[in-house]
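J.: I have a structure I would like to understand better, so I am pasting it below and will then ask my questions one at a time.
Coordinate-derived values only; no laboratory data. Worth saying up front: this structure is predicted, and the values here are computed from it rather than measured. Because the Cβ atoms are built from the backbone with ideal geometry, glycine has one as well, and the counts that use them run over all protein chains shown.
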């Protein structure tokens, strides 16, 4: 039995879960609504304020989907009640970010500023020129958009310049050794 899949998902106050035709799970809460289609090999039941996920058989694919389905439902419940956020930091001389309406403008060493429009359901904040916060109710969309922002200038290992996640550790490398004249 899957250790993650067998755990029940508790439903907080203000969150409503509907399990529809074809295992379509709809979660509605104070921050919005999310939908996810769960595989037919998985059974989703709503009982006494908790959601229980079970699998029909012990085949490999069913076992793989068991924990995944439970985690997807849990992420939807957390997203519509509390939301998700990712923090990014910008390091480097002259590197900065700013917000113009719903467009994030990055100056990260290119000859032109990089302009990224916020996708639907995602908001970005720039509390300081070197910090970006990506917020939303869908964990996958927040993570994906943060990865897109980071990909414009990933951190490099020599000086640590670039865009990195706030909890990311950069493995630093030593520069050239034994150069004459220095």
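J.: Taking the stretch 9-81 on its own, what percent of its Cα-Cα pair distances exceed 16 Å?
T.: The proportion of pairs with Cα distances above 16 Å equals 44 percent.
J.: Please rank 153, 6, fewest neighbouring Cβ atoms within 10 Å first, as an exposure proxy.
T.: Neighbour counts put them in this order, fewest first: 6, 153.
J.: How far, in nm, would the chain grow between residue 56 and residue 168 when pulled straight, counting 0.36 nm per residue and subtracting the alpha carbon separation?
T.: 36.4 nm
J.: Could you please rank 112, 66, placing first whichever residue has the fewest other Cβ atoms within 10 Å of its Cβ?
T.: Sorted ascending by nearby Cβ count, the order is 112, 66.
J.: I would also like to ask the following. Give me the angle, in degrees from 0 to 90, between the Cα long axis of helix 60-81 and the longest principal axis of the Cα atoms of the chain, rounded to the nearest 10.
T.: The angle comes out near 70 degrees.
J.: Same structure again: Taking R0 as 45 Å, what's the FRET efficiency between residue 93 and residue 26 from their Cβ-Cβ distance, rounded to 0.05?
T.: For R0 = 45 Å, the calculated efficiency reads 0.40.
J.: Roughly what % of Cα-Cα distances in the stretch 84-165 sit above 18 Å, to the whole percent?
T.: So the pairs more than 18 Å apart make up 34 percent of the total in the stretch 84-165.
J.: Take the chain, drop everything but the C-alpha atoms, weight them equally and run the Debye formula without solvent; then report log10 I(q)/I(0) at 0.10, 0.15, 0.18 Å⁻¹ to two decimals.
T.: The Cα Debye sum returns log10 ratios of -0.56, -0.90, -1.06.
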